[in-house]
Amino acid sequence: MRVVVLTGAGISAESGVPTFRDSDGLWEGHRAEDVATPEAFEYQPAVVQRFYDARRAALADVEPNPAHLALARLERALGDDLLVVTQNVDDLHERAGSQHVLHMHGELLSALCVGCRARSRWTEDLGDHPPCPRCGSAELRPDIVWFGEVPYQMDRIVAALQRCDLFVSIGTSGAVYPAAGFVQSAVTYGARTLELNLLPSEGSHFFDESRRGPAGVLVPAWVDELLTTVR
Ligand code: BV8
């Protein structure tokens with residue numbers, strides 16, 4: 001049983017990480033185009049750096065929740081047959097113990113040098129223009145995929161969607177592409193599809209089954225269920 005799990009901000013909501021579109025979401029305080037586009041970084045780098053420095057610092061105040069922990073448990077059972085593709089830039093999947101995690105939109109705990117393209121693990125602020133550990137130039141930006149930029153590792157994601165038997169989407173509104181199109185690809189390649197989400201998403205009608213509720217409840221229950229079938 002080869003499984004691909006796509007996660008969005010909803011899986012980290014119960015850990016206290018704000019989502020994007022919910023009432024108290026990130027996009028409430030900021031227009032996406034003002035903080036999550038290469039143009040914004042061009043014209044107002046300090047605003048963009050502050051936005052991501054605040055989210056990076058806030059990671060210290062949150063912990064993985066039962067949904068993250070259940071996916072780590074599933075990975076221990078399925079090994080390479082499970083791939084978690086996340087749109088999230090937090091590190092809660094890894095802190096829960098998941099190792100096969102693909103951050104298609106980047107990570108807060110990584111800095112990208114605009115000069116030499118080197119990536120460096122990063123836990124501090126970037127707003128004070130620290131030098132790149134490799135080339136020394138003060139051209140570090142958040143290692144995040146912004147709107148209009150190509151998501152990371154699309155080749156690995158497409159290959160996994162082509163081979164999977166089951167595609168599961170957890171905590172995402174299905175509003176942003178190419179992630180929002182993965183369910184249709186999975187259906188085309190003959191996989192069974194399941195959505196676990198608090199509210200209906202823009203892609204709910206594409207799924208064979210859609211369950212409503214908080215990820216912290218739905219995901220552990222689904223993992224228990226799946227493990228009884230694969231054992
Ligand atoms: C690209 C990093 C070319 C930044 C992000 C086709 C049609 C229309 C538009 C486009 C198109 N193709 C491309 C576009 C443009 C654009 C796009 O999709 N725009 C949208 C707005 C229409 N896409 C791009 O620019 C992408 N690049 O297309 O390049 C290309 C394409 C293919 C192949 C090669 C090249 C790049 C997009 C990436 C932008 N960066 N994040 C940051 O984090 O600051 S996107 C960001 O928003 C997230 O990462 C995520 O991807 C997206 C949506 O957020 P969600 O995670 O879904 O969160 P949201 O708040 O929306 O929803 C939360 C959900 O959880 C809700 O459903 C809620 O009910 C549920 N929930 C809440 N609590 C819980 C819960 N569920 C369970 N339990 C709970 N407790």
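Scanning the stretch 71-81 for residues that are surrounded by 21 or more Cβ atoms within 10 Å (Cβ to Cβ) and touching a residue at least 60 places away in the same chain (Cβ under 8 Å) yields 71, 74.
In summary, helices (runs of 4 or more DSSP H) completely within the stretch 1-103 and bearing 1 or more residues that are in contact with a Gly (Cβ under 9 Å, 6 or more places away or on another chain) and not aliphatic (A, V, I, L, M) occur at 38-43, 45-58, 66-78. Scanning the stretch 160-183 for residues that are outside any loop (DSSP other than H, G, I, E, B), under 26 Å from residue 150 (Cβ atoms) and in contact with a strand residue (DSSP E or B) (Cβ under 9 Å, 6 or more places away or on another chain) yields 160, 161, 163, 167, 168, 169, 170, 179, 182, 183. Scanning the stretch 196-205 for residues that are modelled with pLDDT of 95 or more, more than 11 Å from the ligand (Cβ to nearest atom) and of a type in the set (A, V, I, L, M, F, W, C) turns up nothing. If you filter the stretch 21-49 down to residues that are among the aromatic types (Phe, Trp, Tyr) and at pLDDT 80 or above, you find that the one that is nearest to residue 190 (Cα to Cα) is 41. Do we have any residue at all in the stretch 218-225 that's more than 21 Å from residue 74 (Cα to Cα) and not in a strand (DSSP E or B)? No, every residue in the stretch 218-225 fails to be more than 21 Å from residue 74 (Cα to Cα) and not in a strand (DSSP E or B). Cβ separations smaller than 9 Å between residues 6+ apart or across chains give the following pairs from the stretch 160-172 residues that are surrounded by fewer than 22 Cβ atoms within 10 Å (Cβ to Cβ) to residues that are outside any helix (DSSP H, G or I) and polar (S, T, N, Q): 166/193. Checked against (1) out of contact with any Ser or Thr (no Cβ under 8 Å at 6 or more places or on another chain); (2) of a type in the set (Val, Ile, Thr); (3) within 9 Å of the ligand (Cβ to nearest atom), residue 157 passes all but condition (3).
Residue 127: within 16 Å of the ligand (Cβ to nearest atom) and more than 19 Å from the chain's Cα centre (by Cα), yes or no? Taking the combined requirement at face value, the residue satisfies it. Got at least one residue in the stretch 46-61 being under 17 Å from residue 173 (Cβ atoms) and within 15 Å of the ligand (Cβ to nearest atom)? No, because not a single residue in the stretch 46-61 is under 17 Å from residue 173 (Cβ atoms) and within 15 Å of the ligand (Cβ to nearest atom). Inside the stretch 94-111, residues that are over 9 Å from the mean Cα position of the chain (by Cα), within 13 Å of the ligand (Cβ to nearest atom) and crowded, with 21+ Cβ neighbours inside 10 Å make up a count of 1.
The values are calculated or read from the model by the stated rules, or taken from the named source; none is laboratory data. Values in this document were obtained by computation on a predicted structure and should not be read as measured data. Backbone-built Cβ (ideal geometry, glycine too); neighbour counts: all protein chains shown.
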